[in-house]
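Reviewing the structure listed below.
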Amino acid sequence: MAATAAPARPAAPAQDLVRRAEVVGLWAVDCGCAQRPRTDWPAELLGDGRHRHEHATLDRDGYHVDCFEVRPVAHHRGTAYVRLFCSVQVRAARLSPELRARTLRGIVDEVLLAPARAGRAAARLIDAAVVAVP
């Protein structure tokens, strides 16, 4: 019995694929800042005062933040701890060559978390996990 192969679908170039990741992070925020009404959490946690994450697109910037949610975790001695949940899409073909060569985790870490790790955000990043989503 002869085996027949089904025609293969044309695959998109590897770097033009859209990959998805979820970010979960824990930040320490001054309680006064955490209690302010209408806090701009992306600016506070990610150091994004110019709101570039809010307006980022896959075609122009190479990434797009699908959802962003912040939940309070606990308060201790004038510090509030908050957890960030974020869903991100990345199209490496639209990124700089330096970023394109990185893993998905490396790309998301550099694009979203680098300002927080460098201390340029109003809150202190304690820990963050970046998980690829199939």
Exercise. Taking the alpha carbon gyration tensor of the chain, what are the square roots of 5 times its eigenvalues, largest first, to the nearest whole Å?
Worked result: 36, 16, 12
Exercise. Expressed as a whole number of Å, what is the distance separating the alpha-carbon centroids of the range 95-126 and the range 53-80?
Worked result: 13
For this session: Quick one: what are the phi-derived ³J(HN,Hα) couplings along the range 118-134, Karplus 6.51/-1.76/1.60 with θ = phi - 60°, whole Hz, x for glycine and proline?
Result: 7, x, 8, 9, 6, 10, 9, 6, 8, 7, 8, 10, 10, 10, 5, 10, x
For this session: Would you calculate, for the chain, the mean residue ellipticity at 222 nm contributed by helices, counting each DSSP H stretch of 4 or more residues as -39,500 (n - 2.57) and dividing by all residues, to the nearest 500?
Result: -3500 deg cm²/dmol
For this session: Sorted from largest down, give the three principal axis spans of the alpha carbons of the range 77-128, whole angstrom values.
Result: 45, 21, 13
Exercise. Relative contact order of the chain: what whole-number percent is it, with Cα pairs under 8 angstrom and at least 6 residues apart?
Worked result: 39
Exercise. Say each of residue 120 and residue 26 gets a label point 7 Å from the Cα, pointing the same way as Cα to Cβ; how far apart are those two points in nm?
Worked result: 2.6
For this session: Along Cα→Cβ, 7 Å out, is where each label goes; now give me the distance between the ones at residue 76 and residue 99 in nm to one decimal.
Result: 3.4
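We did not get these values from a lab; they are worked out from the coordinates using the rules stated. In this text the structure is predicted, and so the values were computed from the model without any measurement. Note that each Cβ is placed from the backbone with ideal geometry, even for glycine, and that neighbours are counted across all protein chains shown.
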